[in-house]
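Here is the structure we will look at, set down as structure tokens.
No value in this document is a laboratory result; all are computed from the given coordinates. All of these numbers come straight from a predicted model, not from anything done at the bench. Here the Cβ is made from the backbone with ideal geometry for all residues, glycine too, and neighbour counts use every protein chain on show.
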Amino acid sequence: ILNVEQSPQSLHVQEGDSTNFTCSFPSSNFYALHWYRWETAKSPEALFVMTLNGDEKKKGRISATLNTKEGYSYLYIKGSQPEDSATYLCAFAGGTSYGKLTFGQGTILTVHP
Amino acid sequence: EAQVTQNPRYLITVTGKKLTVTCSQNMNHEYMSWYRQDPGLGLRQIYYSMNVEVTDKGDVPEGYKVSRKEKRNFPLILESPSPNQTSLYFCASSLEGGGRPYEQYFGPGTRLTVT
């Protein structure tokens with residue numbers, strides 16, 4: 001089983017703070033890196049799918065970068081709002097098959113008003 | 001409305017009684033996948049399918065079977081459920097192209113309890 005790690009495990013910030021999390025994944029046999037946002041009592045929703053080294057993606061106040069050579073991706077949230085409170089998951093597509101996805105355990109973000 | 005549906009949403013069953021959790025998508029997606037979510041372990045892939053009649057094991061396939069006879073459906077079969085299969089199950093689908101799955105759309109989840 002491939003090792004995909006996310007840090008920190010949880011994070012508490014104040015409304016308006018900017019924050020970032022890390023996803024570390026194997027640097028070989030890479031196909032794609034996915035980011036999902038998972039709110040309590042809902043299903044995960046896709047944020048980004050990144051495939052190229054140096055990729056940067058942005059959706060509103062959320063952005064992500066990708067470094068496949070060293071095996072990490074950063075997710076940034078600018079000016080956090082209480083509605084950003086959720087678990088943020090990354091998933092590595094690769095290894096023995098590009099259809100195989102290995103998820104990290106997630107970063108739980110709580111934004112306090 | 002584009003969606004992934006799962007049935008049932010909640011199920012309590014007994015050890016050894018065969019069950020099937022259905023998953024259906026209406027987006028003409030090639031790729032479908034099953035995951036289980038357990039506290040402290042995150043989402044773990046059980047099986048996935050790149051297209052009709054093409055299935056492969058994820059990280060935790062033991063005790064599960066799948067089939068992909070039609071593009072829209074990807075049922076998860078537990079031939080002889082055991083208490084350690086008590087979990088929250090998600091089905092997901094996505095387009096597949098360029099050698100990799102695109103962003104996945106998740107179903108609402110099925111909460112399974114095996115006693």
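Here are some notes:
- Between B:LEU41 and B:ASN28, full extension at 0.36 nm per residue minus the direct alpha carbon distance yields a gain of 1.6 nm.
- Three semi-axes describe the equivalent ellipsoid of chain A; taken as square roots of 5 times the Cα gyration tensor eigenvalues and ordered largest first, they are 24, 14, 12 Å.
- Taking every Cα-Cα distance in the protein assembly as shown and sorting them into 5 Å bins starting at zero, the pair-distance distribution P(r) comes out as 1, 7, 15, 19, 19, 16, 12, 7, 3, 1, 0 percent.
- Listed by chain and number, the aspartates and glutamates whose C-alpha is less than 20 Å from the C-alpha of B:LYS17, apart from same-chain residues fewer than 8 away, are B:GLU62, B:GLU79.
- Within region A:35-112, the GluC sites (Glu not before Pro) that combine a DSSP coil assignment with at most 12 other C-beta atoms in a 10 angstrom radius are A:GLU70.
- R0 of 35 Å, Cβ-Cβ distance A:SER18-A:ALA41: FRET efficiency to nearest 0.05: 0.85
- Site pair B:ASN73 and B:VAL54 shows an inter-label distance of 2.1 nm when each label is modelled 7 Å from Cα along Cα→Cβ.
- For the Cα trace of chain B, dividing Rg by the Kirkwood Rh returns an Rg/Rh value of 0.95.
- From the alpha carbon centroid of region B:26-54 to that of region B:60-101 is 5 Å.
- Here is the list for region B:69-110: GluC sites (Glu not before Pro) lying in DSSP coil, each with at most 12 other C-beta atoms within 10 angstrom of its C-beta, are B:GLU70, B:GLU79.
- DSSP-loop trypsin sites (Lys or Arg not before Pro) across region B:1-60, with at most 15 other Cβ within 10 angstrom: B:ARG9, B:LYS17, B:LYS18
- Between the alpha-carbon centres of region A:22-71 and region A:76-113 there is a gap of 8 Å.
- Remark: for residue pairs A:LYS100/B:LYS69; A:LYS100/B:LYS71; A:LYS59/B:LYS71; B:LYS18/B:LYS57; A:LYS57/B:LYS71; A:LYS57/A:LYS78, the C-alpha separation exceeds 25 Å in A:LYS59/B:LYS71; A:LYS57/B:LYS71.
- Placing a label point 7 Å from the Cα of A:SER27 along the Cα-to-Cβ direction, the residues of region A:50-72 whose backbone N falls under 20 Å from that point are A:50-56, A:65-72.
- Relative contact order %, chain A, counting alpha carbon pairs below 8 Å whose residues are six or more apart: 37 percent
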